[in-house]
Amino acid sequence: MPPKEVAKLVFFVKYSTIPREKRSLRFSKHPINRLEQKMKHVLALIFLLGSLYSRAFSPDTIAIVTHHKVLVVTDPAKGAKSYVAWGIFPDTKKDIRNIKMKVTLGCPDSIPCAHWDYLDHIYLRRRGIVNSKPLDYELGRMITPYGSIFQNGWQWSWKVDVSDFSSVLRDSVEIEYIHSGYEPATVGWNLTVAFEIITGEPAAEPISITRLWEGSYKYGDPKEYIEDKLVPIHFSAERNASFARLRIQQTGHGMDEPKGCSEFCTRYRDIRFDGKLIDHRNLWKKCGDNPLYPQGGTWIYNRGYWCPGDLQEADVFDVQLQKGDHSFDVDMEPYVATGNIQANESIASYLIQYRSPKNSNDMAIDQILSPNDDGTYQRKNPVCAEPHVIIRNLGREILNSAVIWYGTKGYPMRKHTWHGSLRFNETTDVWLEGPVNFKPGKNVFIVNATLPNGKKDQWDSDNTMRVQFDSPLVLPNKMVVQFRTNEHPSDNKISLIDAFGGIIYIREPSSFKPNTMYFDTLLLNKGCYELNLSDTAGNGLEFWFEPEQGHGFLRLLDTEGRLLYNFESDCGSGQHLAFSAIPGAVYDTTINRLAFSVYPLRVKDKLEFDCVASWPTDLTVLIKGAENQLLEKHEFLAVKNRITNIDINHLPTGRYFFEVQVNGEVKYKKRFNKE
């Protein structure tokens, strides 16, 4: 029988519904002695910060906000600028189960969003009072997005787990955000840093934290070999320590010859414990599937273990400890640059020693990837079927089996039996069978994990997770797929599947010719479908930096040629759309559906501006300079379906923005370069 949907399945609740006596929300920019005098005045503001939280909290969640919408700009003279704030964390008597750090960047009210992808660091500087001994632990690193095309009101949030620092995120804590870069102070970010703390018995109790390798290490420099710096580090096992965790963050920067290291080259890293290899991986990250897209710069290009617009997750490796001495060692792939020697590896790493895990059988729902309306998962949402979750083993025993109950609130729960092998703190992806039930609008999806290894979970407070998701778009069951290929159609594939995984429609790359318009009519049965556009080159149907690939688009039309849905052409590795096909669905004539494109985006003389609208619409086109200053204004009246050329031959060489407004509201913005 599925678990009763009483307290067991009510894991997250809306914060405003928590009884006042159980609420615990803290906010500070001051050391503890000053904060206590200001707390009453601050609390009224804090309860309005609903935008800081992407899902509702359970009563045992504490929210600490250190930086709230702080205006962050660079200091071009120094290349970095510090933003320090204090927060009041639980005292050492309070058990902590988990800590997530949430970083939100938004466009400031007073200036535009910043333009460049800079490496920012977030540090725990000290705890206690201002003059306490520095700790200087790096909690995370943020690579800012290319924000030049983001509009007023835009914001995005990222989360990482910082539970390894639970022993020092206590009492009064100083948090420093260092924003690097050389942009003028006329652009910037609104920064919020918050900590979501789940109280309760820790899965394993930390004993100590030790610094390992920290700093920027030259890579490929024939005069300074990186292995002379990344020497083995020896340590002794703490009394009562059961295992050690190596936590390491590493990003590559610089662009040398011949490989473009370390930002644009793949290179491997080996990690050894007591001389034995425990991890071998290429330090390379695919960026074409970044959930934050499109961006205003070269966001699609894969990089040296980071992407623009990303809060990097730390790599974590657990090893069992015996009494005595041990060692960790990091080895980089041998490499010698031949020119423009500037590559560096930015590393922060720590050794955390832990006691033995508290419980033998203990598991958790770590994430619900789909269905989920959180922006982090937007690349694959919404979905029609096969919910996707991640489970984690938090028990001493290897996790070999579990029972997972899942379903949408208001619908019957379904059962999935999982089998596998997970050691402590390991995770695995689980795809659950069957369609996703939903009602129109907002829905709540519930996942509950039970019976790890067939036994009662010894800590079941993290066994259940709830997330909100939006129902798929409703479309008529008869529609037209309009696809204009670019110059490289061999990169693209279009497929349509139903809620049972059956392929309904497919267009293989071999069926396309360059720069050609295709119209395919679909007649679908009532049901839920997923349409997927893939791009194997990771550069979408258009990308401003690659005008040689041309410009393409994908649109859905009704049988009268009216726009139903417009896909984003600057989509990197592709795009996904789930929709419900309903016979007799009526086209909503009250919504003005718009589609715009401008090409080429590296241009010498004229721009081709393409506009599609549901009805004749007045448009305002603004040409703006690199600092968002208005240069030209063009008015177009009663536009419905039109391609217009706009002469920019007179503009000096440089970077510009093409902005389309309807009734004063920005509907489209693209960067272009005049060459």
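Describe numerically, in nm with one decimal, the distance between label points set 7 Å from Cα along Cα→Cβ at Thr644 and at Arg355. Output for this residue pair reads 7.1 nm. Counting other Cβ atoms within 10 Å, keep those with at most 11, restrict to DSSP loop, and tell me which trypsin sites (Lys or Arg not before Pro) in the range 208-308 are left. Within the range 208-308, the qualifying trypsin sites (Lys or Arg not before Pro) (loop, at most 11 other Cβ atoms within 10 Å) are Lys223, Arg239. Computed about its Cα centre, the charge dipole of the chain is approximately 2000 debye, with only Lys, Arg, Asp and Glu carrying charge at their Cβ. About its Cα centre, the dipole of the range 252-359 is roughly 300 debye, where the only charges are +1 on Lys and Arg Cβ and -1 on Asp and Glu Cβ. Summary: within the chain, the longest segment free of chymotrypsin sites (Phe, Trp or Tyr not before Pro) located in DSSP loops with at most 12 other C-beta atoms within 10 Å is 48-499.
Sum up the charges of everything whose Cβ sits under 11 Å from the Cβ of Ala114, counting Lys and Arg as +1 and Asp and Glu as -1, but leave Ala114 out. Its environment carries a net charge of -3.
Taking each residue as 0.36 nm, the span from Leu277 to Asp610 lengthens on full extension beyond its C-alpha to C-alpha distance by 114.3 nm. Averaging the sequence gap over all C-alpha pairs within less than 8 Å and six or more residues apart, then dividing by the number of residues, gives the range 613-667 a relative contact order of 44 percent. Note on Thr516 and Val403: the model spin-label points, each 7 Å out from Cα along the C-beta direction, lie 5.6 nm apart.
The GluC sites (Glu not before Pro) of the range 493-600 meeting both criteria, a DSSP state outside H, G, I, E and B (loop) and at most 10 other C-beta atoms within 10 angstrom of the site's C-beta, are Glu560. If R0 is 25 Å, the Cβ-Cβ spacing of Glu386 and Arg593 corresponds to a FRET efficiency of close to 0.25. Qualifying GluC sites (Glu not before Pro) in the range 206-241, where qualification requires a DSSP coil assignment and no more than 12 other C-beta atoms within 10 Å, comprise Glu224. For a straight C-alpha distance cut-off of 15 angstrom, the aspartates and glutamates reachable from Lys100 (same-chain residues fewer than eight places away being disregarded) are Asp60, Glu138, Asp161, Asp164, Glu196, Glu313, Asp366, Asp462. Relative contact order for the chain: 10 percent, from Cα pairs under 8 Å spaced at least 6 residues apart, divided by residue count. Normalised by 2.2 N^0.38 Å, where N is the number of residues, the alpha-carbon radius of gyration of the range 319-375 equals 2.01. If the cut-off is 27 Å between C-alpha atoms, which lysines fall inside it for Lys94, apart from same-chain ones fewer than 8 positions away? Excluding near neighbours in sequence, the set is Lys8, Lys14, Lys22, Lys29, Lys38, Lys40, Lys102, Lys133, Lys159, Lys358, Lys456. Distance between the C-alpha centres of the range 550-574 and the range 489-534: 12 Å, rounded to the whole angstrom.
Can you give the percent of C-alpha pairs in the range 457-595 whose distance is more than 23 Å? The calculated P(r) of the range 457-595 puts 41 percent of pairs beyond 23 Å. Whole angstrom only: what separates the Cα centroid of the range 212-257 from the Cα centroid of the range 405-473? Distance between centres, Cα-based: 38 Å.
Solvent-accessible area per residue in the chain equals 43 Å², computed with a 1.4 angstrom probe and all protein chains kept. Take the Cα radius of gyration of the chain and divide it by 2.2 N^0.38 Å, N being the number of residues; the result is 1.01. Surface composition of the range 124-269: carbon and sulfur make up 50 percent of the accessible area, probe 1.4 Å. Distance from a point 7 Å along Cα→Cβ of Lys223 to each backbone N in the range 336-360: keep the residues under 15 Å and list them by number. Hits in the range 336-360 for Lys223 at 15 Å: 337-343. The lysines whose alpha-carbon is closer than 23 Å to the alpha-carbon of Lys633, local same-chain residues fewer than 8 away aside, are Lys604, Lys606, Lys624, Lys667, Lys669, Lys670, Lys674. Among the protein heavy atoms of the range 487-590, carbon and sulfur supply 53% of the accessible surface, probe 1.4 Å, non-protein parts ignored.
Helix 32-46 and the longest principal axis of the C-alpha atoms of the chain enclose an angle of approximately 30°. Taking a Cβ cut-off of under 14 Å around Ile352, the surrounding Lys, Arg, Asp and Glu residues balance to a net charge of -3, with basic ones at +1 and acidic ones at -1.
Of the solvent-accessible surface of the range 406-476, computed with a 1.4 Å probe over protein heavy atoms with every protein chain present, carbon and sulfur atoms account for 54 percent.
From the Cα gyration tensor of the range 361-444, with a ≥ b ≥ c the square roots of its eigenvalues, which class applies: rounded if a/c is under 1.5, or else prolate if a/b is larger than b/c, or else oblate? Note, shape of the range 361-444 comes out prolate. With the simple spin-label model, which puts each label point 7 Å out from Cα in the Cβ direction, the Asp558 to Glu257 separation comes to 6.0 nm.
The values are calculated or read from the model by the stated rules, or taken from the named source; none is laboratory data. Bear in mind the structure is a predicted one, so any value in this text is a computation, not a measurement. Note that each Cβ is placed from the backbone with ideal geometry, even for glycine, and that neighbours are counted across all protein chains shown. Side chains included, ligands, DNA and RNA excluded: accessible areas come from the protein's heavy atoms. Shrake-Rupley method; radii C 1.70, N 1.55, O 1.52, S 1.80 Å.
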